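Engineer: Okay, handing you the structure first.
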Amino acid sequence: MRSLPTLCALFCTAILSHSVSAATQSDALKQEAAALIPPFAQQLMDTVQKAKEDGGPSAAIDACQDLAPKIADQHSTDQWKIGRTSLKTRSDANIPDDWERGVLEQFAERAAKGEDAKTMSYAETVDGQFRLMKAIPLQEGCLGCHGNGIKPEIAAALDAKYPNDQARGYSVGDIRGAFTLRYLGEKQ
Ligand code: HEC
């Protein structure tokens, strides 16, 4: 029969290697998720910019409404669903679920304590599913559609398309919302 210390050592090693491999797996998922965000963000920005150049601000709003959900689908894969959400949504399709709301509130608290929103993110396995959110700070180029004093022409286009729009009145540096990702691959 094995001695008690040997058994204990075996047992401890088993526990340790299990938690180490769980940590490694979630690190790998964090990296995969983080890599999906920049191309998604870039395509959204390029699309709005191009629509603005081609047809002006109200064309850009049309483009956002029509294309933003499609761009999110394009950047989602068999394993990942990617989207955007906010505590003050413009589109009802982006209203956060309970977990997302909690994370957005956590981001607001972290920002209030002085943390830089540019690098703010949070990941957790929720009911066996890995989820990650990354804060979206508002930039200069967003003010025309999300800032204070939105031009009447743009405000009218927004009113017509988004009767529940709450996504106005932001300043540069505010957290506008977050990218939100779910891992649809195998359950952990
Ligand atoms: C031309 C106007 C326009 C500009 C410029 C613009 N947005 Fe938006 N934004 C919209 C519209 C319209 C929606 C709703 C899209 C939809 O229907 O899915 C939206 C939705 C969003 C959402 C999703 C959550 C929600 O409120 O529904 C986020 C996050 C967001 N915008 C962030 C930004 C950021 C950050 C910038 C600057 C980099 C920006 N937007 C620039 C018009 C704009």
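The values are calculated or read from the model by the stated rules, or taken from the named source; none is laboratory data. In this text, all values refer to a predicted model and were calculated from it rather than measured experimentally. Virtual Cβ from ideal backbone geometry, glycine too; neighbours counted across all protein chains shown.
Engineer: Those residues that are near the ligand (Cβ under 8 Å from one of its atoms) and either surrounded by fewer than 17 Cβ atoms within 10 Å (Cβ to Cβ) or on the phi > 0 side of the Ramachandran plot (or both), I need them from segment 51-65; list them, please.
Structural biologist: Q65
Engineer: Would you tally the residues in segment 39-50 being within 16 Å of G141 (Cα to Cα) and either of a type in the set (F, W, Y) or more than 6 Å from the ligand (Cβ to nearest atom) (or both)? Full working, then the answer.
Structural biologist: The first filter runs over segment 39-50 and keeps only residues within 16 Å of G141 (Cα to Cα), leaving 41-50.
Subsequent filtering for residues that are either of a type in the set (F, W, Y) or more than 6 Å from the ligand (Cβ to nearest atom) (or both) retains 41-44, 46-47, 49-50.
Result for segment 39-50: 8.
Engineer: Now, a different point. Consider G147 carefully, then state whether it is surrounded by 15 or more Cβ atoms within 10 Å (Cβ to Cβ), closer than 20 Å to D165 by Cα and among the small types (G, A, S).
Structural biologist: Here the answer is yes, as G147 does meet what is asked.
Engineer: Considering segment 157-177 alone, what residues qualify as being in contact (Cβ under 8 Å) with a residue 40 or more places away in the chain, more than 8 Å from the ligand (Cβ to nearest atom) and surrounded by fewer than 15 Cβ atoms within 10 Å (Cβ to Cβ)?
Structural biologist: Across segment 157-177, the qualifying residues are N164, G173.
Condition check ((1) β-branched (V, I, T); (2) within 20 Å of R176 (Cα to Cα)) across all residues:
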position: T24; (1), (2): yes, no
position: L29; (1), (2): no, no
position: Q42; (1), (2): no, yes
position: Q79; (1), (2): no, no
position: N94; (1), (2): no, yes
position: E105; (1), (2): no, yes
position: A108; (1), (2): no, yes
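Engineer: Answer yes or no as to whether K70 is near the ligand (Cβ under 8 Å from one of its atoms) and either out of contact with any helix residue (DSSP H, G or I) (no Cβ under 8 Å at 6 or more places or on another chain) or modelled with pLDDT under 90 (or both).
Structural biologist: Values: near the ligand (Cβ under 8 Å from one of its atoms): no; either out of contact with any helix residue (DSSP H, G or I) (no Cβ under 8 Å at 6 or more places or on another chain) or modelled with pLDDT under 90 (or both): yes.
No, not satisfied.
Engineer: For the condition out of contact with any Pro (no Cβ under 8 Å at 6 or more places or on another chain), of a type outside the set (S, T, N, Q) and near the ligand (Cβ under 8 Å from one of its atoms), what is the one hit in K113, K88? Working first, answer last.
Structural biologist: Working: K113 fails: near the ligand (Cβ under 8 Å from one of its atoms).
Exactly one residue qualifies, and that residue is K88.
Engineer: If the requirement is being at pLDDT 95 or above and closer than 19 Å to A93 by Cβ, which of these qualifies: A123, A135, A111, A178? Steps first, answer last, please.
Structural biologist: Details: A123 fails: closer than 19 Å to A93 by Cβ; A135 fails: closer than 19 Å to A93 by Cβ; A111 fails: closer than 19 Å to A93 by Cβ.
When all the criteria are applied, what remains is A178.
Engineer: Hey, could you check segment 123-144 for residues that are within 16 Å of the ligand (Cβ to nearest atom) and surrounded by fewer than 18 Cβ atoms within 10 Å (Cβ to Cβ) and say which is nearest to R84 (Cα to Cα)?
Structural biologist: Among them, the one singled out is Q139.
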